[in-house]
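Undergrad: Provided herewith is a single structure, encoded as structure tokens, for subsequent inquiry.
The values are calculated or read from the model by the stated rules, or taken from the named source; none is laboratory data. All values reported here derive from a predicted model rather than from experimental measurement. Cβ coordinates were reconstructed from backbone atoms using ideal geometry, including for glycine residues, and neighbour counts include every protein chain displayed. Calculation scope for accessible area: heavy atoms of the full protein, side chains included, ligands and nucleic acids excluded. Shrake-Rupley method; radii C 1.70, N 1.55, O 1.52, S 1.80 Å.
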Amino acid sequence: MDYIIYTFDSSNIAYLALDLVEKNSVRARLVPLLAEIDAGCGLCLRFEEKDREKVENIIEKSNLLYKERYRLIYKDRKPEVLSYDLS
């Protein structure tokens, strides 16, 4: 299964993002950052790629500031981390 993760500069914003997406019926969790990712607070919001559009809309409407987005593609139980550029 593939995931999208959002990183944040503060854990408060990460928890707020989790609360907002869960209130909109998206299964998500806060997980520790992988070693390949350098971000501010050490937590990231992870959700299934199938919910990407819904989460993007929630984040945009809420004006939440995230730091970066990444795709996690799991191969043999080890994630491959890819930068996620939507342009």
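Undergrad: With each label point set 7 Å from Cα along the Cα-Cβ vector, what nm distance links Lys54 and Arg27?
TA: That separation, rounded to one decimal, is 1.1 nm.
Undergrad: Calculate, in nm to one decimal, what Leu65 and Asp2 gain on full extension: separation in residues at 0.36 nm each, minus their alpha carbon distance.
TA: So the extension gain works out to 20.4 nm.
Undergrad: Now for a separate question. Could you rank Leu45, Leu65, Leu30 by how accessible they are, 1.4 Å probe, largest area first?
TA: Accessible-area ranking of Leu45, Leu65, Leu30, largest first: Leu65, Leu30, Leu45.
Undergrad: Express the carbon and sulfur contribution to the solvent-accessible surface of the chain as a percent, rounded to the nearest whole number, probe 1.4 angstrom.
TA: 44
Undergrad: Enter the accessible area per residue of the chain (Å², integer; probe 1.4 Å; all protein chains in place).
TA: 64
Undergrad: Ranked by accessible surface with a 1.4 Å probe, highest first, in what order do Glu22, Glu56 come?
TA: Glu22, Glu56
Undergrad: What figure in square angstrom, to the nearest 10, would you give for the accessible area of Tyr3 with a 1.4 Å probe?
TA: 40
Undergrad: Something else now. Would you mind computing the Rg to Rh ratio of the chain from its alpha-carbon coordinates, Kirkwood style for Rh?
TA: My calculation of the ratio gives 0.93.
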